[in-house]
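A short write-up of the structure that comes next.
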Amino acid sequence: MWNALQTALKDTGAEVTCAGTLQAGKKFFVSVELKDASESQINGDKFLSNLNFVTSHDGSLAAQAY
């Protein structure tokens, strides 16, 4: 997943801001800041845009993105 993510983000300006594991290394997550759309405003409230990925090393969770 890490290699695929690095390839997909190449030349986009997006930046990995956080990565780690959960449940003693069984699950892996990555949070990516989307630079071009990093800030949006809805009804006067500002929101930062991130793309979050999660998968597992043990096969208990298929790769998902939010």
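Listed values, structure above:
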quantity	calculated
Accessible solvent surface per residue of the chain, calculated while the other protein chains remain in place, 1.4 angstrom probe, Å²	71
Heavy-atom accessible surface of the chain: percent carbon and sulfur, 1.4 Å	52
Distant-in-sequence amide H partners of LEU61 (H built 1.01 Å from N, under 5 Å)	SER56
Gaussian network model of the chain, springs between alpha carbon atoms under 10 Å - residue of SER31, SER40, SER56 with greatest fluctuation	SER40
Residues whose placed amide H lies under 5 Å from that of ALA14, excluding near-sequence neighbours	LYS35
Average Cα contact separation per residue, the chain, under 8 Å, 6 or more apart, as relative contact order %	26
Straight-distance crosslink candidates among lysines, where the alpha carbon sits under 25 Å from LYS27 and sequence neighbours closer than 8 are dropped	LYS10
Helical contribution to [θ] at 222 nm, DSSP H n ≥ 4, -39,500 (n - 2.57), averaged over the chain, rounded to 500	-3000 deg cm²/dmol
Compactness of the stretch 14-65 - radius of gyration and Dmax, Cα, Å	13.8, 43
Cross-link reach list, aspartates and glutamates versus LYS26, counting only Cα pairs under 16 Å and skipping chain neighbours closer than eight places	ASP58
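The values are calculated or read from the model by the stated rules, or taken from the named source; none is laboratory data. Just so it is clear, the model here is predicted, and its values are computed rather than measured. We work out accessible area using only protein heavy atoms, side chains counted, and drop any ligands, DNA or RNA first. Shrake-Rupley method; radii C 1.70, N 1.55, O 1.52, S 1.80 Å.
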